[in-house]
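Following: one structure in structure tokens, then a few remarks.
Only the coordinates and a few stated rules stand behind these numbers; no lab work does. Worth saying up front: this structure is predicted, and the values here are computed from it rather than measured.
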Amino acid sequence: MPPTINMGIPGATSSVRSGGGSQASGKRVLLAEPRGYCAGVDRAVETVERALEKHGAPVYVRHEIVHNVHVVETLAKAGAVFVDETDEVPEGAIVVFSAHGVAPTVHVEAAARNLRTIDATCPLVTKVHNEAKRFARDDYDILLVGHTGHEEVVGTAGEAPDHVQVVDNPDAVDQVTVRDPNKVIWLSQTTLSVDETMETVRRLREKFPTLQDPPSDDICYATQNRQVAVKAMAPECELVIVVGSRNSSNSVRLVEVALGAGSDAAHLVDYAEDIDPTWLEGVTTVGVTSGASVPEVLVRGVLERLAEYGYGTVQPVTTANETLVFALPREIRPPRG
Ligand code: SF4
């Protein structure tokens, strides 16, 4: 049997479930660990839940609090109202800013409408905002590697619009021009493919040899850990199923990483019902993982569906153990003691 990875976590390499004759057929699931909720998503979702408990419905949320259909629908049923812009929020109402962060102009607009804001921006996104502000203050040209139009990129670029250029992919490097090639730094969106970003940076550095690196990794721990786990698992798989929504950057990247690491096929699904049985034809090993905005209940649904098709043996592939937890935003934090 191909090896799984054991980082010393009890039970990490044992089969946790079996059934449906899968042992005889050799059919199995490799389950990536870590997967699913990261600390920033956990915090953002809890922020909306607590705001609803504390203030009652409706609580307005600017943009999807996290990029997951199930999470957004569940919160909407509980009384959250998702809006595109703050001018859709009634004067004086409560509005939560999503985990992806907002540009300073959004705070100004909210203040002008007397909105009571709760900022659920992930602290790791705020870190990148602070880097953009700092290097803009020092008059650097900032090359922000990220997807044009993604909410996080819009928010980060908005911190220093006169200094930031977005570099969408390695080929976009050809169009980049700067004022002083000796005063250039790259920063990045938190949820990119590590490998593609490194390729973009390699090309940037060819063009600007004294390009500075960010003070610390901008691609966050959760994005990196989920990609490492998929890379460990994918070479063993004929199919990888990534649970996540189409607008979730880190989930889409996991599909790309699975294909790049050797899986014959990889698909993104929001729900277990999205699995097309034809994907399973001739497949012995299915890898399963989930994006950072995906609750575990959706992964369980996928495992149950796969068990129905004879993939009852589940073997975790563990490459890291995550323990990071972020404090809730100040406005919603319960009083101490
Ligand atoms: S994916 Fe990373 S940056 Fe985004 S919310 Fe999670 S921890 Fe924060």
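Numerical summary
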| read-out | value |
| --- | --- |
| Mean separation of Cα contacts under 8 Å (6+ apart) over length of region 180-301, as relative contact order % | 26 |
| Reciprocal mean inverse distance between Cα atoms of region 209-299 - Kirkwood radius, Å | 13.8 |
| Distance between region 48-111 and region 271-304 - C-alpha centres, whole angstrom | 30 |
| Normalised contact order of the chain, rounded percent, pairs of Cα under 8 Å and 6 or more residues apart | 28 |
| Ellipsoid semi-axes in whole angstrom, largest first, where each is sqrt(5λ) of the Cα gyration tensor of the chain | 36, 27, 16 |
| Region 154-282 - convex hull of the alpha-carbon atoms, volume per residue in Å³ | 125 |
| Kirkwood-based Rg to Rh ratio, region 39-121, C-alpha trace | 0.93 |
| Contour minus Cα-Cα distance for Asn130 and Glu91 (0.36 nm per residue) | 11.1 nm |
| Percent of C-alpha pairs per 5 Å bin, region 124-207, short to long | 3, 16, 30, 26, 20, 6 |
| Relative contact order (percent, whole number), region 57-127, Cα cutoff 8 Å, 6+ residue spacing | 33 |
| Gaussian network model of the chain, Cα within-10 Å springs - most flexible of Val29, Val297, Val166 | Val297 |
